[in-house]
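Report on one structure; see the data block that follows.
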Amino acid sequence: MPSKLLTATLLTLAVAVGIAPNARAIADADNLGQWNKPTNIGPDKECPGFLVNLGPTGARSILKETSFVVKYVFAGSPADGRLRIDDEITGANGKPFSKHTFGKCYGMEPGAGYEGPIMDMGNAIEDSEGSDGTLTLDLIRGGQPAKVEIKLEAIGRFSDSFPKHCPKSEKLAARATDYLLKHPDERIGDVNEKSLYGLAMLARGKAQEAETLAMAWNKPPGENQWTWYPSYQAIFLAEYFLLTGDKRVLPTIEEDCKRLYLSQVIDPALYKDAMHGGQPQAKNFLKGGNGHGARCEGYGTMTITTLMALLTWELAENCGVKIQDFNRNLAYDCIHTNTAESGYMGYRFATGAYTPVGREGLAIIVHRVAGRPGTEDYVSRVSNGMAKFKTRLNDGHGDNAVAWGWALLGIQLSGNDAAIREVFDYNKAFINMARTHDGAFVIQPGRNLAEKAYYMSPRIHPTAAMVLALGTDKAKLRIQGVHKK
């Protein structure tokens with residue numbers, strides 16, 4: 001059965017689709033009450049709530065329109081002894097912060113990004129690390145203006161082509177890998193976190209850690225498990241087999257593929273009476289799409305679960321597993337038909353909801369792994385869509401790290417240099433702000449409904465995602481663009 005935490009999260013996802021649009025995260029100054037709601041996982045459980053991480057300084061804060069209010073400082077971090085609780089930071093490196101626009105971002109428009117203190121602080125960190133490491137903060141302390149200098153490590157700037165050919169990106173990927181290795185107690189076992197951790201180990205050549213996980217996980221999930229289980233499991237095990245040739249995992253990969261046929265809608269007419277939360281759902285059961293559940297229960301088909309099924313089938317075929325072309329072709333038809341002309345990919349296909357960038361990135365990865373002819377125009381459309389929605393990297397639904405991982409990996413495989421630069425250059429400051437002082441990456445508050453990632457896996461999942469995204473100069477995996485031999 002699913003872990004209690006993941007089950008609760010997925011139930012939240014299901015319910016959230018019908019929530020009225022006044023439910024918000026960092027869209028409002030209260031952050032859904034989460035400024036004062038701590039996680040119980042890892043070192044972040046020391047923090048008093050779900051706060052904005054101020055990059056490698058080691059400080060956490062509440063976001064206001066034009067400032068941060070410090071609410072926690074990690075012992076031994078660069079900010080320790082320099083910043084105090086309730087210091088209000090108003091600018092960095094001599095520049096006052098610009099204004100953050102509060103407001104949710106939900107539908108099919110780019111919407112507001114993270115301009116304001118978050119972007120300004122992230123850019124100041126970049127400038128300081130590219131110089132002597134000195135970050136100068138303007139603040140109000142006890143009602144009086146003050147300046148504080150925080151000494152960061154002078155690790156350099158991101159290159160113009162980052163994360164490719166970028167010493168800083170590689171250094172951050174290496175440190176993030178070390179963090180994953182040194183903190184096994186933070187891994188709680190949810191499938192998304194487990195799979196991305198395993199993929200990160202494979203990508204960084206950590207053969208023993210990858211084998212240990214593969215063998216511990218080498219058993220198909222129960223027949224009534226959510227769709228996410230066989231997908232995430234098979235994606236990791238397939239990449240593991242393709243690197244190691246370890247045939248012990250092939251039966252599990254094959255069984256996972258079969259399970260995914262069961263969550264696919266073959267005949268929408270069978271769901272004409274489907275209900276969810278007291279509402280009719282027949283229109284949301286699209287032919288060829290996959291749903292949350294093992295028998296496509298709930299509120300219908302979803303874009304990301306359909307894409308994950310496709311990636312599973314494509315990687316499994318690379319492993320020598322026979323895939324049913326009937327099911328696979330139905331899934332491709334569903335994805336292609338229900339991607340908007342703008343490249344937008346909704347939560348439930350045509351339905352405009354939540355950030356599209358994770359789904360767009362995953363769509364690119366699926367098509368690159370498959371190498372199907374005649375899909376270049378589709379990949380180009382989706383890539384341009386991701387560039388348009390570059391402001392929404394952190395606006396995930398249920399788990400922001402899903403968007404971080406698939407989006408930042410996928411855009412690198414697009415072949416669209418302009419789109420790659422749009423996405424990465426815009427989010428450079430955000431990446432700096434998500435870094436912790438000890439080498440990890442941590443989930444940041446976002447703009448959308450039901451964001452639970454900080455309470456599921458505040459560091460391990462996002463850190464693994466960034467290992468994969470920043471470490472592509474040393475790519476080893478199909479999902480990083482390595483072609484089959």
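The values are calculated or read from the model by the stated rules, or taken from the named source; none is laboratory data. Please read these numbers as outputs of a predicted model, since none were measured by experiment. Because the Cβ atoms are built from the backbone with ideal geometry, glycine has one as well, and the counts that use them run over all protein chains shown.
State yes or no: is HIS483 at pLDDT below 95 and more than 27 Å from LYS104 (Cα to Cα)?
yes
Only one of (1) farther than 16 Å from PHE430 by Cβ; (2) not in a strand (DSSP E or B) fails for GLU115. Which number is that?
Evaluating GLU115 over (1) farther than 16 Å from PHE430 by Cβ; (2) not in a strand (DSSP E or B) leaves (1) as the failure.
Going by what's in this entry, would GLY396 be described as of a type outside the set (Lys, Arg) and outside any helix (DSSP H, G or I)?
yes
Being touching a residue at least 40 places away in the same chain (Cβ under 8 Å), in contact with a Lys or Arg (Cβ under 9 Å, 6 or more places away or on another chain), outside any helix (DSSP H, G or I) and not charged (D, E, K, R) is the filter here; which residues of segment 189-243 pass it?
Within segment 189-243, GLY205, ASN224, GLN225, THR227 meet the criteria.
Of the conditions (1) in contact (Cβ under 8 Å) with a residue 12 or more places away in the chain; (2) more than 23 Å from LEU408 (Cβ to Cβ), LEU311 fails just one. Which one is it?
Only one criterion is unmet by LEU311, namely (2).
Please enumerate the residues belonging to segment 58-77 that are in contact with a Pro (Cβ under 7 Å, 6 or more places away or on another chain) and either touching a residue at least 40 places away in the same chain (Cβ under 8 Å) or β-branched (Val, Ile, Thr) (or both).
Listed by number, the residues that qualify are GLY58, LEU63, THR66, SER67, PHE68.
Only one of these conditions is not met by LEU139: (1) on the phi < 0 side of the Ramachandran plot; (2) without any contact (Cβ under 8 Å) to a residue 12 or more places away in the chain. Which number is it?
Failed condition: (2).
Looking at ARG372 and the list (1) assigned to a helix (DSSP H, G or I); (2) more than 26 Å from HIS461 (Cβ to Cβ), which single condition is not satisfied?
Failed condition: (1).
Take the conditions assigned by TED's automatic domain parsing to the domain that holds ASP86, surrounded by fewer than 22 Cβ atoms within 10 Å (Cβ to Cβ) and small (Gly, Ala, Ser) and apply them to GLY130. Does it pass?
The answer is yes for GLY130.
I'm checking my understanding of the structure. Among residues of segment 406-417 that are under 14 Å from VAL382 (Cβ atoms) and aliphatic (A, V, I, L, M), which one is surrounded by the most Cβ atoms within 10 Å (Cβ to Cβ)?
ALA407
Which residue is farthest from the chain's Cα centre (by Cα), if the candidates are limited to segment 380-398 and must be polar (S, T, N, Q) and modelled with pLDDT under 95?
It comes out as THR391.
Within the bounds of segment 23-42, is there any residue that is part of a loop (DSSP other than H, G, I, E, B), at pLDDT below 50 and farther than 20 Å from LYS99 by Cα?
Yes; the residues of segment 23-42 include at least one that is part of a loop (DSSP other than H, G, I, E, B), at pLDDT below 50 and farther than 20 Å from LYS99 by Cα.
Within segment 409-447, can you find the residues that are over 17 Å from the mean Cα position of the chain (by Cα) and outside any helix (DSSP H, G or I)?
Listed by number, the residues that qualify are SER414, GLY415, ASN416, HIS437, ASP438, GLY439.
For (1) assigned by TED's automatic domain parsing to the domain that holds THR339; (2) outside any helix (DSSP H, G or I); (3) on the phi < 0 side of the Ramachandran plot; (4) of a type outside the set (Ser, Thr, Tyr), each residue gets a yes or a no:
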{"residue": "ALA294", "(1), (2), (3), (4)": "yes, yes, yes, yes"}
{"residue": "TYR299", "(1), (2), (3), (4)": "yes, yes, yes, no"}
{"residue": "GLU314", "(1), (2), (3), (4)": "yes, no, yes, yes"}
{"residue": "ILE323", "(1), (2), (3), (4)": "yes, yes, yes, yes"}
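Does segment 125-134 contain at least one residue that is of a type in the set (A, V, I, L, M, F, W, C) and touching a strand residue (DSSP E or B) at 6+ places or on another chain (Cβ under 6 Å)?
Within segment 125-134 (the criterion being of a type in the set (A, V, I, L, M, F, W, C) and touching a strand residue (DSSP E or B) at 6+ places or on another chain (Cβ under 6 Å)), the answer is no, since none of the residues qualifies.
Give the residues of segment 297-351 that are at pLDDT 95 or above, within 23 Å of ARG392 (Cβ to Cβ) and in contact with a Lys or Arg (Cβ under 6 Å, 6 or more places away or on another chain), sorted by residue number.
Those that are at pLDDT 95 or above, within 23 Å of ARG392 (Cβ to Cβ) and in contact with a Lys or Arg (Cβ under 6 Å, 6 or more places away or on another chain): none in segment 297-351.
If you take the residues in segment 316-369 that are surrounded by fewer than 19 Cβ atoms within 10 Å (Cβ to Cβ) and of a type in the set (Gly, Ala, Ser), which one is nearest to TYR261 (Cα to Cα)?
Out of the qualifying residues, it is GLY320.
Taking the criterion of being surrounded by 24 or more Cβ atoms within 10 Å (Cβ to Cβ), small (Gly, Ala, Ser) and within 26 Å of PRO167 (Cβ to Cβ), would at least one residue in segment 441-463 satisfy it?
Taking every residue of segment 441-463 in turn, none turns out to be surrounded by 24 or more Cβ atoms within 10 Å (Cβ to Cβ), small (Gly, Ala, Ser) and within 26 Å of PRO167 (Cβ to Cβ).
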